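The values are calculated or read from the model by the stated rules, or taken from the named source; none is laboratory data. Only a predicted model underlies this, so the values are computations on that prediction, with no experimental measurement involved. Note: ideal-geometry Cβ built from the backbone for every residue, glycine included; neighbour counts use all protein chains shown.
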Amino acid sequence: MGDLTNSDYYAKNQRNDGSSNHEGGFGVSVMELRDLMELRGGEAVVKIQEDYGDMDGLCQRLKTSPTEGLTGDVTDLDKRKEVYGENLIPPKKPKTFLQLVWEALQDVTLIILEVAALISLGLSFYQPPGGDTGESCGTAAAGAEDEGEAEAGWIEGAAILLSVVCVVLVTAFNDWSKEKQFRGLQSRIEQEQKFQVVRGAQVIQLPVADIVVGDIAQIKYGDLLPADGVLIQGNDLKIDESSLTGESDHVKKEADKDPMLLSGTHVMEGSGRMLVTAVGVNSQTGIIFTLLGAGEAGEEEKKEKKVKKQDGAAAMEMQPLKSAEGGEMEEKEKKKTNVSKKEKSVLQGKLTKLAVQIGKAGLVMSAITVIILVLYFAVDNFVLQKRPWLTECTPIYVQYFVKFFIIGVTVLVVAVPEGLPLAVTISLAYSVKKMMKDNNLVRHLDACETMGNATAICSDKTGTLTTNRMTAVACYVGDVHYKEIPDPGALTAKSLDILVNAISLNSAYTTKILPATKEGGLPMQVGNKTECGLLGLVLDLKRDYQPIRNQIPEENLYKVYTFNSVRKSMSTVIKLSDGSFRMYSKGASEIVLKKCTKILNKEGEPRVFRPRDKDEMVKKVIEPMACDGLRTICVAYRDFPADPEPLWDNENDILNELTAVCVVGIEDPVRPEVPDAIIRCQRAGITVRMVTGDNINTARAIAIKCGIIHPGEDFLCIDGKEFNRRIRNEKGEVRYS
């Protein structure tokens, strides 16, 4: 099958594909695929066998090749998007500017000002019978009405309304621009999310949004699945489906037992290839999004949304499918935000408390002001000047009282320090803008304040403090410690063959070294960077790993024990031509060497590897490499007879009695900007700590190069077991004080 081109494959499988009965000429409809993805385990396997024969039959219906993937033809891709949908979830529409204006108008203070302004504006045009209000209806108190104000009394009400309009427009515009900015930033982030798929027999990285039904996706440890699919071939694959099912146990996936893979789930162990069968709103995550109201699934829902607009959170433009876990959490957070007020940061809380206290004082003072003005007016006109209460003057009296009320509200508005939180928000927004220039995205403004309180930073090593560009610079092979990569002629043919085969086959096939894109540039490392360093060693030894992989394709690997945090190694079993088996293993040197009972000598023949030999190698080879900041990887192998066939599930017996081939020292240089950044953190009173899974000697050397610790401060380095022991009491509980 692997030797057929896509056109050959399609031509070979054109008969009885049922394509004439389905839209777009494909042999399976969207609803059939959705129904298929709702099945689990044996039911799904039976369904595939009954309806399509096998996985090749399903691939035939979708007009794709299980080995070469889609051709990448633009017309074909567009047709698939039209028939099966895009890998996008159309979110709720963002709030319009008018909606934001309406929300801004709900402020209590603004409502009071609006009412007062309307009353003032209405009464300003009223004139009592007789025309002369000065003598008959009395005078305003405390200069509440200046000379000539009666003729232009409408100005006060209009000015208040104008100020309210300005405040509302500024608030709404700020909210609108902020929402637009974050939607743009979110869109940028999502466009950078890529996934590996096979198209035209080439493994390429595509934006998640460009994945279509029929694509063959390469999945590996650590991936977040961007679409639903069916497993074609897997190596010890385990999936975390807790984001969809709530079950915390990892689910083992096998092509012949439980091949269904769901979008939004995490690959916890292993690797494999899957056929994409559902994307966007038709995937399981998309269906959940739709049920939660995150997607627009038709005109009826749109009509309902018009009634429930206030329940919707501001959303982004058409966005690539994200994890169910992340999406559900985001939706829940948005709903909580709508139901109850968002939890304030410490600074915002203190400012709000201060504003409330000042506001209460202002309220008291404004009330006292209104009372004094009313009493002054009443005493001055009705007691001292002994004017009678005239019925026709009642609107004038009301107008005076409204003016007094407006003065009181003015005192209240001036007293409430609304500009204080605004000033802080503006300063934080300015900080966010400056940080964006450093490629540092801040989603929430209060994160700046939170980070201002940071006293410690725990950082990973690989890719954070270092460049994550692995290069093999030293090795120990054939009882000789080479400080540089040796010439191939220095190694025996047997040792060289075993070493090259072990690295080529016992690495993820998606890991490759590609030619430099620019003249004079470094080769591109694709995939696991440590494995890229080992493949670089193969190339430095004047050998090529690709012909070896072509000879033994990934689907022909007999058994794969994938890397995880417990094993700290990866092992691959192949079947030899005589029926026997050979297992190649690689991993952290301190882990793999413990399992070795033999080692290849200068002639490439196995010799006994005694405990004292291991101790000597640790002291003379591994520790010096680690002290130079090198990551040490041990490569080993083991042969098994054809009969009886070993019990491959018994890892303790299988991953033992190995023969060591080589110990490789891989360099991962420190980023040039890191030492200066750490110095600045330390000057600011922030302690920087490095947390890594590497050898403690390697970690110490990198920490010294970064400036986290200094020579002679070895006592500051501690391994995980010792740290775990120190933070627990006699009962095994974590001590928090």
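The helices (runs of 4 or more DSSP H) found entirely in segment 612-711 that carry 1 or more residues being closer than 17 Å to residue 464 by Cα and free of Cβ contacts under 8 Å to residues at least 24 places away in the same chain are 674-683, 696-706.
Name the single residue that is farthest from the chain's Cα centre (by Cα) among those in segment 589-611 being polar (S, T, N, Q) and either buried (at least 17 other Cβ atoms within 10 Å of the Cβ) or in a strand (DSSP E or B) (or both). Checking each candidate, the answer is 597. Residues of segment 232-249 that are modelled with pLDDT of 75 or more and over 30 Å from residue 53 (Cβ atoms): 240, 242, 243, 249.
Are any of the residues in segment 186-194 basic (Lys, Arg) and part of a helix (DSSP H, G or I)? Within segment 186-194, one or more residues are basic (Lys, Arg) and part of a helix (DSSP H, G or I). Can residue 374 be described as more than 15 Å from residue 410 (Cβ to Cβ) and surrounded by 15 or more Cβ atoms within 10 Å (Cβ to Cβ)? Judged against the criteria, residue 374 is a match. Taken over segment 460-488, residues that are of a type outside the set (Val, Ile, Thr) and in a loop (DSSP other than H, G, I, E, B) amount to 13. Scanning segment 616-652 for residues that are surrounded by 11 or more Cβ atoms within 10 Å (Cβ to Cβ) and charged (D, E, K, R) gives 616, 620, 623, 628, 631, 638, 639, 645, 651. Being closer than 17 Å to residue 630 by Cα and of a type outside the set (Phe, Trp, Tyr) holds for only one residue in 686, 718, 727, 704, and it is 704.
Give the residue that is farthest from the chain's Cα centre (by Cα), with candidates limited to residues of segment 559-588 that are buried (at least 16 other Cβ atoms within 10 Å of the Cβ) and part of a loop (DSSP other than H, G, I, E, B). Among residues in segment 559-588 that are buried (at least 16 other Cβ atoms within 10 Å of the Cβ) and part of a loop (DSSP other than H, G, I, E, B), the one farthest from the chain's Cα centre (by Cα) is 567.
Being surrounded by fewer than 16 Cβ atoms within 10 Å (Cβ to Cβ), under 20 Å from residue 633 (Cβ atoms) and modelled with pLDDT of 90 or more is the requirement here; does residue 497 meet it? So residue 497 passes the test. Every condition in (1) assigned to a loop (DSSP other than H, G, I, E, B); (2) without any contact (Cβ under 8 Å) to a residue 40 or more places away in the chain; (3) touching a helix residue (DSSP H, G or I) at 6+ places or on another chain (Cβ under 8 Å) is met by residue 543 except one, and the failing one is (2). If I filter segment 46-55 for residues that are at pLDDT 85 or above, buried (at least 16 other Cβ atoms within 10 Å of the Cβ) and either outside any helix (DSSP H, G or I) or aliphatic (A, V, I, L, M) (or both), do I get at least one hit? Yes - at least one qualifying residue is present in segment 46-55.
One line per residue, one yes/no per condition, for (1) part of a loop (DSSP other than H, G, I, E, B); (2) under 19 Å from the mean Cα position of the chain (by Cα); (3) surrounded by fewer than 24 Cβ atoms within 10 Å (Cβ to Cβ):
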{"residue": "213", "(1), (2), (3)": "yes, no, no"}
{"residue": "218", "(1), (2), (3)": "no, no, yes"}
{"residue": "226", "(1), (2), (3)": "yes, yes, no"}
{"residue": "249", "(1), (2), (3)": "yes, no, yes"}
{"residue": "270", "(1), (2), (3)": "no, no, yes"}
{"residue": "273", "(1), (2), (3)": "no, no, no"}
{"residue": "276", "(1), (2), (3)": "no, no, no"}
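Between 647, 630, the distinction of being aliphatic (A, V, I, L, M) and more than 19 Å from residue 585 (Cα to Cα) belongs to 630 only. Just to be sure I understand, how many residues within segment 219-278 are without any contact (Cβ under 8 Å) to a residue 40 or more places away in the chain and of a type in the set (S, T, N, Q)? Total meeting the criteria: 2.
Under the condition of being of a type outside the set (Val, Ile, Thr) and within 27 Å of the chain's Cα centre (by Cα), the residues counted in segment 650-674 number 5. Reported count of residues in segment 553-575, each being more than 13 Å from residue 272 (Cα to Cα), in contact with an Asp or Glu (Cβ under 6 Å, 6 or more places away or on another chain) and hydroxyl-bearing (Ser, Thr, Tyr), is 0.
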